[in-house]
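Here is the structure we will look at, set down as structure tokens.
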Amino acid sequence: MDSSRIRYPSSQQSPRRTRLLCSFFICLSLLILTILILVILGFTVFKPKKITTTVNSIKLADVNLSTGGVNVSIDVSLTLNNPNKVSFKHGNITTELKHRDVFLGEAIVPAGEIVSGKTQEITVTLTIFAQSLVTDTYIPSDLLNGTLPLSTITTVSGRVVVVKLFKHHLVSKVLCDIWIGIKDRKVENSNCNYKNKL
């Protein structure tokens, strides 16, 4: 057999394969670097912060005390603050009204959005109608004592989305105790406690 006719694989494809491998590893490195940068930003610059809800004022909007029953309307002014670098999208904001742990009703503020670094003021009006108090045996004694104790629970729940990858659920609650003077028909005192969590 003539050895001069034996053909060996060409080495010309080797540089091309090397270039393809280099391009692949460069793209892979850039992708990993981009992901690392996004993760670092997500846990530093864009680290989620707690949404805060502040009660500005609690006012008695209307009082109707008669033999037919008790109708009371209360205006609760709230400020919602979003300290995050991204918008906060919240669901319906609910405020429950209770008298000595007896549920009387609730008010709902529609879902919305608070842009980054901004605050939003809302006013919630809660009304107690006579029919809500029919089964409440403490009402007569409270009216005789001259003070009607009430409590409100406001819940704000929503989320922030960081660089479209990281979703964080945020909840803010405000629990307020309110004492309404029957004689002068105004809020005599109020005390609020705040609970915020990620």
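Rounded to 0.05, the FRET efficiency of the residue 108 and residue 137 pair, given R0 = 30 Å and the Cβ-Cβ distance, is 0.60. Put a dot 7 Å past the Cα of residue 33, heading toward its Cβ, do the same for residue 89, and the two dots end up 3.3 nm apart. Calculated from the alpha-carbon coordinates, segment 49-196 shows an Rg and a Dmax of 17.4, 60 Å respectively. The stretch between residue 186 and residue 123 holds 20.9 nm of extra length on full extension. This uses 0.36 nm per residue minus the Cα-Cα distance. For the residue pairs 59/197; 85/197; 89/197; 98/197; 47/173, the alpha carbons lie more than 19 Å apart in 59/197; 98/197; 47/173. Sorted on the mean count of surrounding Cβ atoms within 10 Å across their residues, most packed first, peptides 98-106, 76-84 read 76-84, 98-106. With θ taken as phi - 60° and the Karplus curve 6.51 cos²θ - 1.76 cosθ + 1.60 applied, the whole-hertz 3J(HN,Hα) list for segment 112-122 is x, 9, 10, 5, 4, x, 10, 10, 9, 9, 9 Hz, x standing for glycine and proline.
Note on segment 75-116: Cα Rg divided by 2.2 N^0.38 Å, N the number of residues, gives 1.48. Electrostatic bookkeeping for residue 125 treats Lys and Arg as +1 and Asp and Glu as -1; over the other residues with beta carbon under 12 Å from its beta carbon, the sum is -2. Stretching the chain fully between residue 19 and residue 144 yields a gain of 35.9 nm (0.36 nm per residue, less the alpha carbon separation).
Laboratory data are not the source of any read-out in this text; all were calculated from the coordinates shown. Being a predicted model, the structure only gives us computed values, none of them experimental. Because the Cβ atoms are built from the backbone with ideal geometry, glycine has one as well, and the counts that use them run over all protein chains shown.
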